1. Hey, could you get me the Stokes-Einstein D for the stretch 46-154, Kirkwood radius over alpha-carbon pairs, 10 °C and 1.306 mPa s, rounded to whole µm² s⁻¹?
2. Highest mean first, what order results for 48-54, 84-90 on Cβ atoms within 10 Å?
3. Output ³J(HN,Hα) for the stretch 50-57: one whole-Hz value per residue in order, computed from phi by the Karplus curve 6.51 cos²θ - 1.76 cosθ + 1.60 with θ = phi - 60°, and x for Gly and Pro.
4. Give me the net charge of T144's neighbourhood, meaning all other residues with Cβ under 9 Å from the Cβ of T144; Lys, Arg count +1, Asp, Glu -1.
Amino acid sequence: MITLVRVWDDPGDPAPPGTERVLIGGRVLVLWRSPSAAGGPVRTPCDEHLVAGVEETSRARLSCADVIVRRGGEPARLRADHPGCLVIAVNTRRGCLVAAGDRAVRLVPVLGGTCADDDAAVYASAVHAWLVAGRPLTAFTRLTLVRANTVARVRVQDRETARDWPRRAVP
């Protein structure tokens, strides 16, 4: 499925229902995801992009996606297969791998958490908004996701080139 994601940077007011917040590099990003075009905060977003989730298989839809989320695989190959995509997130047993351009980071859950596919999609969307705003991928060390009454945190490690990542798929 392709999902439209709208992002607001440091909105200053409480996040409306149906939104998620990601704390990244000292900033608060409010994300609203929906298959429809309406909803979210009233102000103009700082970023809008399309996310292809792990279940999306249509080559046509994948070619339109700005963010692609997968379970396993090689980010460098995914980037080569989808050159119009800015951010690739690959979920693995050791965390989520996020690649943008030729740079890559590993997002490792802290406090015994996990990085579910849905979490990986939100983190990748936050990274997309971050990069579109002209901020470098190396400028943050952790991401915190606030969804309703739950908080999840990942730390950023292993800054490396995307081609250095493992090639094994995760079941």
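1. 114
2. Working: 48-54: 20.1, 84-90: 23.3.
With the highest mean Cβ count within 10 Å placed first, the list reads 84-90, 48-54.
3. 9, 10, 9, x, 4, 7, 6, 10
4. Net local charge, T144 excluded: +3.
Read-outs throughout are calculated quantities, based only on the coordinates presented, and are distinct from any laboratory measurement. Please read all numbers here as calculations on a predicted model, not as lab measurements. Virtual Cβ from ideal backbone geometry, glycine too; neighbours counted across all protein chains shown.
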